[in-house]
């Protein structure tokens, strides 16, 4: 059962709020309206532990007031869809706009820039909500059961999960842009716990995530993979402090690609708050490195028809054969840098637009994963990173890690309670192998990655 | 720093807020609880929440953002054995509330149960002010704070090239009614001022951040912790980092400064002592009550009753007054942090630690303000005792794997200690350890207990809640530092 409230046409509501804001004195206005349904269940040790089902909605207004030297901007958000609630949303935003400063770079995008990708991007599938609750619980139960059955050393569990989400997003502005899209997603995961020889516990997890039920892996395969990942951590040792080649598993390597994106956002660049500021056109990574941010992949987890400011979604090459080719920009940061938006505006209900990635990935290389491992004499295969530890201003990188030690080209014993450290500037240059195993399990993806010259700290 | 518990005071009529604004009567609460138990179940509760928030930001000396938001909703929970059913609505009309109650009820399957007739109001202290107005339309005082911060940071040093400062506050009103007769309400203010700066010289760029606040009103920033205080602190850190050398790598002696480095306790032991992980026996601390988990000088408490603190609460999100709970006493593990569900299932005391991010979330055992009590050592003696090590005084944050016990926390301001003296500042580095073991290496505990300035936000299962941490200067004989240097 879905509890979404669909009493109002959200697009008309958004258009109505835009026109009310203009009447109340705004020079320009932008409105976001969102609604969503969520379902989640956890099965633990074979029994249903939680069952949650609900829906909610919210709206946000951003107003701009033109002044001789730019614009003043302010925003409001609300979950109150009554007439009185909407009145407050509009009057509140205009009152706030009078306290902000004139900013010469603030303002909506230029008229010719608005638009959206036409055609079905396959973001929404009705089947996510087609199953009875009992069947959804069964997905979670089967995933956990498969993990528990995999090995006698798996003695406990943080449960199996099934989650589903569907939502609608509407955006309209005073320059005539109006757009909306629906999206759906569902996932199955399992988190088993295994007991080692000395009584030490380890947990790991695995998941499948898709926009349609049909595209999910089976619960059994999720459980089996979660068990495999957990068991390989058992009886871990520490490693000696040393410099050694590090191979990052794909699900870990993607966080490093995420750091390239963050460092190349216009906001970080115009402030000089990034080690990539001012490096456009320079070689910032090994020649094998090509990073792409594509918001248009049909069915992609990071796909949308338009960005947070109503600009059409597009594909941007961030790094091409090691050379930084584009910063990632919204309208504001583009103006600050004297450039054009790359359609990377992200938006919450309140506040100014930020910068967000779509489907961000490191282009696959041609080496099979096993070949990358077999090329390492002595080094670390990282399967988990822990903690923050990334400074994008300097590029300094230092994070907790666990994984498997590589000896003579073979994965050997598990290691834990160590750190891996370096500087992202050198780390990008020192990417010495890229796998052919690129798979999107979320909106950011990377193949297996080998980086040389980093420091491992342990015993 | 006041560490004494507060005096109970008269409870304001918070519940009138939901009656006046949304028409939530006692009769309606009883009907919803009856509906929630219509398919059986042991317990049901309703959690009403209304939040009004304001934020304002200065950036490049321009006030580039100002925003306000309001949201309201209700979550309905039904417990049946170890099962939890949950549903919520952002429409507080009777039919939507009853519908949410019917959805949550589906977790149970049996004959209908009756809630306890009549409510007993939880007696609560007044640990913080309870403003009467939701949204303050006059932003001039808040504007003044961020403008002062901008000015003070720029004045600190000509090498400061970028300054961003933001002020944000929220007022959360809650009302909780449960089938066991619990009835509680509260008005919870939370305010925070943040400063971020960049410093630049011919060779390098460095960042510095600072911030703080608590369950306070705006006068706190005018009288106690001023914008200038936070701005100078952020600027000082950035300038310092311009001259930092590579952090060392490997095991060494580590001295942690007082205050925010208490994030060590939050990660190393705090999460592992939350009762849900121990009920499921998925925590590295499961079954260790009564056993040594730290050096004999270590006593750690979680205390939700400290006036004005970011992690403090008059009442937790399940309607109970908060407590001071001893977690580790002289190195021995004493207890867990519980919510209603885990206290009942584990037959342990309910410590008033049931918290949730919002009405859309199921409550869980969470920390409030977690800190180590002061010891006898003079901070300078602690530093003097170290031959070669790291002195870490500020951190970016941390993380923990509850099951294996491995935790990290990332130093943003740290120095080398050589022959008992503080020498060069070092660049950012992560420290890593094993929760049940790390505190066994605590060999000295300073007399200088401090709590952090009010910046902590703790994440667990996707839910964020404000917390506090604290610690005196502490020496660990062994810890792994994740730098790149020697």
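Laboratory data are not the source of any read-out in this text; all were calculated from the coordinates shown. This is a predicted model, so every value here is computed, not measured. Cβ: placed from backbone, ideal geometry, glycine included. Neighbour counts: every protein chain shown.
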Virtual spin-label span in nm between residue A:135 and residue A:340, 7 Å along Cα→Cβ: 4.7 nm
Please report the relative contact order for chain A, taking Cα pairs under 8 Å with a sequence separation of at least 6, and give it as a percent rounded to a whole number. 15 percent
Given the C-alpha centroids of region A:346-373 and region B:85-130, what is the distance between them in whole angstrom? 42 Å
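Note down the Stokes-Einstein diffusion coefficient of region A:1-85 in µm²/s, whole number, using a Kirkwood radius over alpha carbon pairs, 4 °C, and 1.567 mPa s. Can you show the working numbers first?
On the way: Rh = 15.5 Å.
Using the Kirkwood radius from Cα pairs, D works out to 84 µm²/s.
Using only helices, what value at 222 nm comes out for chain B when you add -39,500 (n - 2.57) per DSSP H run of length 4 or more and divide by the total residues, to the nearest 500 deg cm²/dmol? Working shown, then result.
Numbers: 10 runs with 91 residues, N = 486.
The helix-only estimate for chain B comes to -5500 deg cm²/dmol at 222 nm.
Report relative contact order for chain B in percent, whole number only (criteria: Cα-Cα under 8 Å, sequence separation at least 6).
Working: 1365 pairs, mean separation 78.4, N = 486.
Across chain B, relative contact order equals 16 percent.
Tell me the relative contact order for region B:201-320 as a rounded percent, counting alpha carbon contacts under 8 Å between residues six or more apart. It would help to have the intermediate numbers written out before the result.
Working: 68 pairs, mean separation 31.2, N = 120.
In percent, rounded to a whole number, it is 26.
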Once Rh is set to the Kirkwood radius over Cα pairs, what Stokes-Einstein translational diffusion coefficient, in µm²/s, holds for chain B at a temperature of 4 °C and a viscosity of 1.567 mPa s? 55 µm²/s
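Give me A:405, B:260 ranked fewest to most by other Cβ atoms within 10 Å of their Cβ, as a rough exposure proxy. Let's see the in-between values first.
Values: A:405 20, B:260 28.
Listing A:405, B:260 from fewest to most nearby Cβ atoms yields A:405, B:260.
Could you estimate the translational diffusion coefficient of region A:194-299 from the Stokes-Einstein equation, with Rh from the Kirkwood formula over C-alpha pairs, at 25 °C and 0.890 mPa s, in whole µm²/s?
Working: Rh = 18.3 Å.
The estimated diffusion coefficient comes to 134 µm²/s.
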Using all Cα-Cα distances in region B:15-242, what percent lands in each 10 angstrom bin from 0 up to the longest? 8, 26, 22, 17, 15, 10, 3, 0
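Based on the mean of other Cβ atoms within 10 Å per residue, sort peptides A:27-39, A:176-188 so the most packed one is first.
A:27-39, A:176-188
Cα convex hull of region B:19-67: mean projected area in nm², to one decimal? The partial results should precede the final answer.
Details: hull surface 23.7 nm².
For region B:19-67, the mean projected area of the Cα convex hull comes to 5.9 nm².
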Report the percentage of all Cα-Cα pairs in region B:311-432 whose separation exceeds 23 Å, rounded to a whole percent. 53 percent
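Shielding of B:71-77 by partners, i.e. mean partner chain Cβ atoms within 10 Å per residue? Don't skip to the end; give the middle numbers.
Details: counts 7, 4, 3, 0, 2, 1, 2.
That average works out to 3.
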Gyration tensor (alpha-carbon) shape descriptor, region A:1-156, a/c threshold 1.5: prolate
Taking A:383, A:342 and counting other beta carbon atoms within 10 angstrom, the fewest-first order is A:383, A:342
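Between rounded, prolate and oblate, where does the protein assembly as shown land on the alpha carbon gyration tensor, with a ≥ b ≥ c its root eigenvalues, rounded for a/c under 1.5, else prolate if a/b exceeds b/c? Please report the intermediate quantities before stating the final value.
Numbers: a/c = 1.18, a/b = 1.07, b/c = 1.11.
Here the protein assembly as shown falls in the rounded category.
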How far is the Cα center of region A:183-199 from the Cα center of region A:234-248, in Å? 23 Å
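Please list the three semi-axes, largest first and in whole Å, of the ellipsoid equivalent to region A:79-177, using sqrt of 5 times the eigenvalues of its alpha carbon gyration tensor. Show your work: numbers first, answer last.
Values: eigenvalues 446, 81, 59 Å².
Ellipsoid semi-axes (Å, largest first): 47, 20, 17.
So what's the projected area for region A:236-459, the Cα convex hull averaged over all directions, in nm²? Please report the intermediate quantities before stating the final value.
Numbers: hull surface 48.0 nm².
So the Cα hull casts an average projection of 12.0 nm².
If you take every DSSP beta bridge whose two residues both sit in region B:249-482, what share of them, in percent to the nearest 5, is antiparallel?
Working: 53 of 62 bridges.
Among the beta bridges of region B:249-482, antiparallel pairing accounts for roughly 85 percent.
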Taking just the alpha carbons, could you work out the radius of gyration and Dmax for region B:234-298, both in angstroms? 17.3, 48
Rounded to the nearest 500, what is chain A's calculated 222 nm mean residue ellipticity when only DSSP H runs of at least 4 contribute -39500 (n - 2.57) each, over all residues? -6500 deg cm²/dmol
So if I take the centroid of the Cα atoms in region A:2-75 and the same for region B:375-412, what is the distance between those two points in Å? 43 Å
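To check you understand DSSP bridge types, tell me what percent of the beta bridges within the protein assembly as shown (both residues inside) are antiparallel, rounded to 5.
Values: 229 of 258 bridges.
Restricted to the protein assembly as shown, the bridges split so that about 90 percent are antiparallel.
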Row for chain A, column shape: gyration tensor on C-alpha, a ≥ b ≥ c, rounded if a/c < 1.5 i.e. under 1.5, prolate if a/b over b/c, else oblate; value oblate
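Taking the number of other C-beta atoms within 10 Å as the exposure measure, put A:339, B:479, B:367, A:454 in order starting with the fewest.
Values: A:339 16, B:479 20, B:367 27, A:454 24.
Ascending number of Cβ neighbours within 10 Å: A:339, B:479, A:454, B:367.
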In region A:10-230, what percentage of the DSSP-assigned beta bridges are antiparallel, given to the nearest 5? 100 percent
Could you work out how far helix B:227-242 tilts from the main Cα principal axis of chain B, as a 0 to 90 degree angle to the nearest 10? 50 degrees
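Stretch residue B:138-residue B:384 to full length: gain in nm at 0.36 nm per residue minus the Cα-Cα span? Show your work: numbers first, answer last.
Numbers: separation 246, 0.36 × 246 = 88.56 nm, distance 5.16 nm.
Fully extending the segment from residue B:138 to residue B:384 adds 83.4 nm.
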